[in-house]
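Here is the structure we will look at.
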Amino acid sequence: MMSKEQGLVSAEVSEACSLRKALKWVKDLMLNKVVVETDCASIVTAINCDTCSFNSSLGHILMDCRNLMASFNICRLQHVGRSGNSVAHELARRALQAEDDLIWFGETPEFIAHLVTGEREFDRFCTNPVTHNYE
């Protein structure tokens with residue numbers, strides 16, 4: 001999924017809005033087991049913190065994300081450094097140039113195919129690629 005959020009003031013707000021949009025999309029697909037990776041550690045920390053209050057400027061977005069995550073049987077949000085998340089980084093870069101949201105389902109866009117292959121090769125060397133932090 002590639003989305004262009006317009007008029008946002010910070011990277012954190014943009015990341016949170018993109019996460020919310022992705023979670024809504026996955027829910028619409030009726031998937032029940034979800035692992036979401038992002039390179040925005042502060043969003044992961046805030047959402048995964050049971051004792052954190054959501055009084056910040058993006059608190060309502062984070063609460064929406066947490067509520068959406070609770071609707072899945074399994075939903076894990078984890079931080080992955082940019083070096084281990086090159087596909088998402090390239091999609092985000094391309095989203096800035098897109099006029100509309102773009103979704104690929106069951107196919108890999110040609111402009112990231114080499115990155116997908118590279119990340120799959122990297123995952124083979126990880127003992128537990130689902131929870132491994134690539135930084």
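Laboratory data are not the source of any read-out in this text; all were calculated from the coordinates shown. Source: prediction; values computed, not measured. Ideal geometry is used to build each Cβ from the backbone, glycine not excepted, and the neighbour counts take in all protein chains shown.
Sort region 4-102 into rounded, prolate or oblate with this rule: let a ≥ b ≥ c be the square roots of the eigenvalues of the Cα gyration tensor; rounded if a/c is under 1.5, and if a/c is not under 1.5, prolate when a/b is larger than b/c, oblate otherwise. Rounded, since a/c falls under 1.5. Using the Karplus relation 6.51 cos²θ - 1.76 cosθ + 1.60 with θ = phi - 60°, the per-residue 3J(HN,Hα) values for region 22-33 come to 5, 5, 5, 5, 5, 5, 4, 6, 6, 7, 10, 10 Hz, with x marking Gly and Pro. The 3J(HN,Hα) values that the Karplus relation (6.51, -1.76, 1.60; θ = phi - 60°) gives for region 39-55 are, in residue order, 9, 9, 4, 5, 5, 4, 4, 5, 6, 7, 7, 6, 9, 6, 8, 10, 8 Hz. Gly and Pro appear as x. Taking amide H as placed 1.01 Å from N in the peptide plane, Val34 has its amide H under 5 Å from the amide H of Ile74, Cys75, Arg76, each at least 5 places away in sequence or on another chain.
Think of region 1-106 as having a plus end and a minus end, set by charges on the Cβ of Lys, Arg, Asp and Glu; of Ser10, Cys75, Ser57, Cys75 sits farthest toward the positive end of this dipole.
Please get the size of the charge dipole for region 16-58, origin at its Cα centre, with Cβ charges of +1 on Lys and Arg and -1 on Asp and Glu, quoted in debye to the nearest 20. Could you put the intermediate results ahead of the total?
Numbers: 5 positive and 4 negative charges, 44 e Å.
Using Cβ point charges on Lys, Arg, Asp and Glu, region 16-58 gives about 200 debye.
Here the dipole of region 1-97 is about 240 debye; that uses its Cα centre as origin and unit charges on the Cβ of Lys and Arg (positive) and Asp and Glu (negative).
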